[in-house]
Amino acid sequence: MRIAVPNKGRLHEPTIDLLERAGLHLENGADRKLYADTIDPDVSVLFARAADIPEYVADGAADMGITGYDQVREARVDDVAELLDLEFGTCRLVLAAPEDGDIVGVEDLTDGTVATEFPNITREFFDDAGVDPDVVEVSGATELTPHVEMADAIVDITSTGTTLKMNRLAVVEEVLSSSVRLFAREDVLEEPKVEEVRTALASVKQAEGKRYLMMNVPDDRLEDVQDVIPGMGGPTVMDIADENGDGKVAIHAVVDERDVFETITEVKKAGASDVLVTEIERLVE
Ligand SMILES: Nc1ncnc2c1ncn2[C@@H]1O[C@H](COP(=O)(O)OP(=O)(O)OP(=O)(O)O)[C@@H](O)[C@H]1O
Ligand SMILES: O=P(O)(O)OC[C@H]1O[C@H](OP(=O)(O)OP(=O)(O)O)[C@H](O)[C@@H]1O
Ligand SMILES: [Mg+2]
């Protein structure tokens with residue numbers, strides 16, 4: 001099983017980091033190489049440009065891929081299936097035009113020119129709108145093209161909006177919203193390894209917003225404490241080896257990171273002591 005991952009650019013580091021946190025440790029170094037092995041002898045990694053990854057998966061150079069949804073859509077590959085939204089590399093593809101210019105709606109581009117690194121998505125967008133501008137493919141610095149009379153508008157990626165603003169461009173309309181996805185070729189979907197990789201990556205995402213809470217509770221306050229612990233199923237309750245005869249139990253629970261602050265206040269009130277909060281590396285449901 002081979003997974004294609006971005007070799008550089010802004011998706012490279014977070015993707016490697018995710019694989020590592022999922023326990024799929026890369027071996028023999030990830031730098032400047034085409035392939036790397038992982039700790040699992042049946043899983044290797046192919047480093048490729050973010051834009052080429054969907055094609056590599058579709059063609060069989062790799063079996064699974066990790067790249068932006070925008071790239072998957074632009075590559076127009078058949079026979080690949082999305083397995084997981086990895087929820088990073090979040091951005092929008094937008095139609096943008098010079099601020100204070102004449103272009104304020106899609107229809108203003110009827111006889112216009114649009115520059116983009118995403119010609120397929122762009123043509124599809126204008127087809128759906130029933131508008132037929134010239135679409136010019138560029139390979140970078142798309143934001144410059146309206147200022148050198150190459151284009152009237154652009155379709156490009158934005159996240160913070162800084163680049164558009166710096167180039168005095170304003171969003172006319174959203175074309176697509178994107179984040180990084182795990183996907184696989186349809187003919188390997190039944191392979192157990194595919195599900196193993198998906199589960200491993202999903203477990204990291206699952207754990208990200210959760211914390212593990214441990215505390216001690218007097219026997220007679222157990223119910224009060226249990227009542228104020230939110231979260232996944234019931235908490236685990238364990239007897240404590242009890243030398244002093246205090247009659248305490250230990251409670252362990254997984255709670256939403258956002259609930260931790262309030263939960264600590266509540267369990268203290270309900271009689272808990274020695275409250276410990278830890279991060280969770282992975283959570284397989
Ligand atoms: N500003 C951004 N914020 C969030 N995600 C982004 C942003 N820019 C790009 N992305 C996501 O990252 C993907 C790859 O973009 P990146 O800029 O890393 O590669 P690239 O410039 O196409 O790569 P290369 O340097 O190989 O040409 C995009 O397809 C998109 O999904
Ligand atoms: O809304 P913003 O936060 O400003 O992000 C948008 C910019 O980010 C991407 O470029 P990137 O930084 O990846 O540089 P690149 O052109 O070298 O790919 C994209 O092509 C935009 O230019
Ligand atoms: Mg880029």
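The values are calculated or read from the model by the stated rules, or taken from the named source; none is laboratory data. Note that the coordinates shown come from a computational prediction; the quantities given were computed from them, not determined experimentally. Every residue, glycine among them, receives a Cβ derived from its backbone with ideal geometry; neighbour counts consider all protein chains shown.
Quick notes
- Within segment 1-55, considering residues that are basic (Lys, Arg) and either within 15 Å of ligand 3 (Cβ to nearest atom) or outside any loop (DSSP other than H, G, I, E, B) (or both), the one nearest to PRO192 (Cα to Cα): ARG2
Residues are listed down the side, and each one gets a yes or a no for (1) touching a Cys at 6+ places or on another chain (Cβ under 9 Å); (2) of a type in the set (D, E, K, R); (3) more than 27 Å from GLU281 (Cα to Cα); (4) modelled with pLDDT of 95 or more:
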site: PRO14; (1), (2), (3), (4): no, no, no, yes
site: PHE47; (1), (2), (3), (4): no, no, no, yes
site: PRO54; (1), (2), (3), (4): no, no, yes, yes
site: GLU87; (1), (2), (3), (4): no, yes, no, yes
site: THR90; (1), (2), (3), (4): no, no, no, yes
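A quick yes/no check of all residues on (1) of a type outside the set (D, E, K, R); (2) not assigned by TED's automatic domain parsing to the domain that holds ALA129:
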position: ARG10; (1), (2): no, yes
position: ASP17; (1), (2): no, yes
position: ALA36; (1), (2): yes, yes
position: ASP59; (1), (2): no, yes
position: ILE103; (1), (2): yes, no
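- Pick from segment 100-155, criterion on the phi > 0 side of the Ramachandran plot and within 29 Å of the chain's Cα centre (by Cα), ranking: surrounded by the most Cβ atoms within 10 Å (Cβ to Cβ): ALA141
- Meets criteria (in contact with a Leu (Cβ under 6 Å, 6 or more places away or on another chain), closer than 27 Å to ARG10 by Cα and within 15 Å of ligand 3 (Cβ to nearest atom)) for THR158: yes
- Unmet requirement for HIS147, which otherwise passes all of (1) part of a loop (DSSP other than H, G, I, E, B); (2) away from ligand 3 (no atom under 16 Å from the Cβ): (1)
- For first residues located in segment 132-143 and part of a helix (DSSP H, G or I), partners that are within 16 Å of ligand 2 (Cβ to nearest atom) and among the aliphatic types (A, V, I, L, M) and lie 6+ apart or on another chain with Cβ distances below 7 Å form the pairs THR142/ALA115; THR142/ILE154; GLU143/ILE154; GLU143/LEU164; GLU143/LEU169.
- Residues in segment 142-155 that are within 13 Å of ligand 1 (Cβ to nearest atom) and over 22 Å from VAL180 (Cα atoms): GLU143 only.
- Every residue from segment 145-162 that is within 6 Å of ligand 2 (Cβ to nearest atom) and more than 20 Å from PRO119 (Cβ to Cβ): SER159, THR160, GLY161, THR162
- Residue match in segment 156-170 (condition: buried (at least 19 other Cβ atoms within 10 Å of the Cβ) and away from ligand 1 (no atom under 16 Å from the Cβ)): no
- Top-ranked residue of segment 250-285 - restricted to ones that are assigned to a strand (DSSP E or B) and among the β-branched types (Val, Ile, Thr), ranked as farthest from GLU223 (Cα to Cα): THR278
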